[in-house]
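First comes the structure, then the notes that go with it.
The values are calculated or read from the model by the stated rules, or taken from the named source; none is laboratory data. Small disclaimer: the values here were computed from a predicted structure and weren't measured. In this analysis, Cβ positions are derived from the backbone assuming ideal geometry, glycine residues included, and neighbour counts consider all displayed protein chains. The accessibility values were calculated without ligands, DNA or RNA, using every heavy atom of the protein model including side chains. Shrake-Rupley method; radii C 1.70, N 1.55, O 1.52, S 1.80 Å.
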Amino acid sequence: MAESVIAAVMSQKCYYSRLGVGRDAAEEEIRKAYKKLAIKLHPDRCKLPKAEDAFKRVAQAHETLTDPQKKRIYDQVGEEGLNGGGGANPFGGRGGMHAQHMHAEDIFDIFDILRGQFHSQQHYARQQQARQQQYQQQQQQQRRRQTPNQQFVLNLVNIFPILCVLIVYVLSGFGIERNQSMPFSLDRNSESGFVHERRTKHGKVPYYVRTSFAREYGGSSMMLRDVERKVTSAYQGHLHKKCQAERQQREMRIEKSKAYSNREEMLAKARKMPTPSCKEYKERFSRDTGRYG
């Protein structure tokens, strides 16, 4: 808005056009037009390039058109006939005016408006600061009123979801595959001797066996099928637990996202959090494709 006003003022050589009034405008109309433009272009308010030059040009036009003698000369022969009187720079610096050509009520009107806007901004800033201080005081008072037991319970509630995820993850590593009586492990474990990787015939589920596995089970296809059924069952339970942990972690992230200022963006990222175990479970075992992931 201000840019278009500056451009319009700077492009107009005609004093009347600068103020946006006709040649038959009365003095009161000229003064009102000048005040409106001066408030928009005053250097103490408008910091845009050429704003000060535009302000000077508006004041120059106002000074000439509100002085009966200068106005008569300007109307007859234009700006050249003023001999530098009406065309002189009416400012002695940033925001200064030639008081002998300006009417006192114009000056006071402009600065009263600017001062009122400045005080309004200060008042709003003080209100915001007071609200912030009041909120901080309420938070501090609430924390002081809490007993040690209440504080402990509050802290426990905050970390409970994290503990649940950790417990599920830890327990997922101590299922049937960790039982020493089983001839396989889903994880490589050199201490227990499970170092040789194999894959089930159906599903290609990876598992690890000891060196003696081929000697003990390789000669019987029935025994090998039984072992691989147990491998598949154990791997299914293992994936199911990991999927639950991933889904719970995603839900926690969704809840935390609601507290951010950019809530929608954070929620979108949280909902897109990958759950690779759920995806693998769905591909391998689940017939209900909407239950996992």
Under-5 Å amide H pairs with Phe194, H placed in peptide plane, nonlocal only
Asn189
Set the bar at 29 Å for Cα to Cα. Now go through Lys201/Lys269; Lys204/Lys241; Lys47/Lys70; Lys230/Lys269 and name every pair that lies beyond it.
Lys201/Lys269; Lys47/Lys70; Lys230/Lys269
Estimated translational D of segment 217-287 in µm²/s (Stokes, Kirkwood radius over Cα pairs; 25 °C; 0.890 mPa s):
170
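Could you order the peptides 259-269, 217-227, 40-50 from most to least packed, using the average number of other C-beta atoms within 10 Å per residue? Intermediate results must be reported in sequence, preceding the final value.
On the way: 259-269: 11.3, 217-227: 13.2, 40-50: 15.9.
Those peptides, ordered most packed to least, come out 40-50, 217-227, 259-269.
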Taking the convex hull of the alpha carbon atoms in segment 1-41, what volume per residue do you get, in Å³?
56
Read phi for every residue in segment 232-238 and hand back ³J(HN,Hα) as whole Hz from Karplus 6.51 cos²θ - 1.76 cosθ + 1.60, θ = phi - 60°, with x for Gly and Pro.
4, 5, 5, 5, 5, x, 4
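Over the Cα atoms of segment 34-74, compute the convex hull volume and normalise it per residue, giving Å³. Intermediate values should be presented prior to the final figure.
Values: hull volume 2.2 nm³, N = 41.
That works out to 53 Å³ per residue.
Quick one: order His202, His123 from most to least accessible surface, probe 1.4 Å.
Values: His202 145, His123 95 Å².
The most accessible residue leads, giving His202, His123.
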With a 10 Å radius around each residue's Cβ, average the other Cβ atoms per peptide and rank 249-255, 74-80, highest first.
249-255, 74-80
Whole-Hz ³J(HN,Hα) for each residue in segment 200-207, computed from phi via Karplus 6.51 cos²θ - 1.76 cosθ + 1.60 with θ = phi - 60°, x for glycine and proline: what do you get?
5, 5, 10, x, 6, 6, x, 8
May I ask you to evaluate 6.51 cos²θ - 1.76 cosθ + 1.60, the Karplus curve with θ = phi - 60°, for each residue of segment 2-14 and list the ³J(HN,Hα) values in order in whole Hz, giving x for glycine and proline?
5, 4, 5, 5, 4, 4, 5, 5, 5, 8, 9, 8, 6
